[in-house]
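So the structure is just underneath, and the comments pick up after that.
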Protein chains: 2
Amino acid sequence: MNRDSLNPSINRLVEANRRYADGLRRVETTWAPGLALVLCMDARLDPVQFLGLRYGEAHIIRNAGGRMAEAIRSLAVSQSLLGTAAVAVIHHTECGMLGRSDNEIRDEIRRQRGAAPEGLTFLPFGDLEQSVRDDLALYRGTPFLRQDIPVRGFIMDIATGLLREVH
Amino acid sequence: MNRDSLNPSINRLVEANRRYADGLRRVETTWAPGLALVLCMDARLDPVQFLGLRYGEAHIIRNAGGRMAEAIRSLAVSQSLLGTAAVAVIHHTECGMLGRSDNEIRDEIRRQRGAAPEGLTFLPFGDLEQSVRDDLALYRGTPFLRQDIPVRGFIMDIATGLLREVH
């Protein structure tokens, strides 16, 4: 499989969606998300599969690295408007944000695009466990997020598929 | 199915993950994400299913509403560090961010938590097509994101599962 075969046209996704919708059996389902997840955008992560999620049970917030700083708005909405009552933050091995620096990322963007996001921080990290701890601490320091519910942090090992909790 | 049965303990997910990892057959796969998706955290959306995504082909960025303003950092990383060359923004019907206002959301959080995020905007929207157009325009106005690749916007109909493109 070469790079091109993995670079899909959006048209192919639209076609796949048509087949999906054609095959969809709508059943009347009650659903209510109980949980919010924060994890990386990484293309190898399918949380529905690796967590055995059921339809409608989890809000899934994803960004580069799975960083809390960019999940706070969504978590506030998830908890206060939609009633979720548990949070899991999941970072992963082999993450593209691991071992980079803000300056290095900014320079690379400037080199490729001729423009750079001066005000933006990229939230890379040097240590995977520490990044999970930092994100749990940021949650705990945010008073308008629920402090009376389970909030746990994990590292997902890409090689084995296994979660390990960070304490 | 009542609300409690849908409110999983994180422990159940960890148990499901253990079974997943036990059953995982690691095969040597080449993978390279070609595409980045921006969509809502909504618990009813499983983009792997409704877009027929293959392993490793798409970065998936998710937040409340699927808003571009909170996807820019991740898209910059996705494009400049990891080489993706297409973007799809997907909002959806029955979205929790539809028809709300910043003040209403802030007041509700304050009422429930006794604290409110004063500096935070919640990015709600009054019109679904307009929110997609606004997000495409924000992308187009961001010079350090790739302007030479397909960038398309869609609305996903929760009732039918079907995508509709916004032009």
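Per-structure values
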| quantity | calculated |
| --- | --- |
| Cβ-vector label at 7 Å, residue B:129, separations to other copies in nm | 5.4 |
| GNM result for chain A, Cα springs below 10 Å: residue of A:48, A:87, A:151 fluctuating most strongly | A:48 |
| Accessible area (Å², 1.4 Å probe, nearest 10) - residue A:91 | 0 |
| Nearest-20 debye value, the protein assembly as shown charge dipole, Cβ charges on Lys, Arg, Asp, Glu | 300 |
| Inter-centroid distance (Cα atoms) of the range B:33-56 relative to the range A:72-89, Å | 20 |
| Theoretical ellipticity at 222 nm over chain B - DSSP helices of four or more residues, -39500 (n - 2.57) apiece, nearest 500 | -9500 deg cm²/dmol |
| For the axis carrying chain A to chain B: nearest C-beta residue of A, whole Å | A:62, 2 |
| Residue A:48/residue B:165 FRET efficiency (R0 25 Å; Cβ-Cβ; nearest 0.05) | 0.50 |
| Gaussian network model of chain B, springs between alpha carbon atoms under 10 Å - residue of B:56, B:114, B:96 with greatest fluctuation | B:114 |
| Position residue A:165, label points 7 Å along Cα→Cβ, spacing to each other copy in nm (shortest first, one decimal) | 4.8 |
| GluC sites (Glu not before Pro) within the range A:31-109: DSSP coil, no more than 15 neighbouring Cβ in 10 Å | A:94 |
| The range B:27-166 - convex hull of alpha carbons, volume per residue in Å³ | 140 |
| Residue of A:112, A:147, A:130 that the Gaussian network model of chain A assigns the largest fluctuation, springs spanning Cα pairs under 10 Å | A:112 |
| Those residues of the range B:79-105 whose amide nitrogen sits under 17 Å from the label point placed on residue A:98, 7 Å along Cα→Cβ | B:82 |
| Among beta bridges that DSSP assigns inside chain A, antiparallel share in %, nearest 5 | 20 |
| Estimated FRET transfer efficiency when R0 is 45 angstrom, pair residue B:120-residue A:22 (beta carbons, to 0.05) | 0.65 |
| Largest to smallest principal axis extent of the C-alpha atoms in the range A:55-110, angstrom | 41, 22, 16 |
| Residue-averaged beta-carbon neighbours from other chains (10 angstrom radius) around B:114-123 | 3 |
| Residue-level accessible surface for residue B:46, protein heavy atoms, 1.4 Å, Å² | 40 |
| Charge-dipole axis of the range A:27-166 as Lys and Arg at +1 and Asp and Glu at -1 on Cβ define it, positive-most pick from A:63, A:75, A:128 | A:75 |
| Interchain or long-range residues, amide H under 5 Å from residue B:166's placed H | B:153, B:154, B:155 |
| Per-copy distances of the residue B:30 label point, shortest first, in nm (7 angstrom along Cα→Cβ) | 5.1 |
| Added length on full extension, which subtracts the Cα-Cα distance from 0.36 nm per residue, residue B:112 to residue B:15 | 31.7 nm |
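The values are calculated or read from the model by the stated rules, or taken from the named source; none is laboratory data. Quick caveat: nothing in here was measured; it's all calculated off a predicted structure. Cβ sites come from the backbone with ideal geometry, for glycine too, and all protein chains shown count toward neighbours. Ligands, DNA and RNA are stripped out before the accessible areas are found, and what is left, the full protein with its side chains, is counted by its heavy atoms. Shrake-Rupley method; radii C 1.70, N 1.55, O 1.52, S 1.80 Å.
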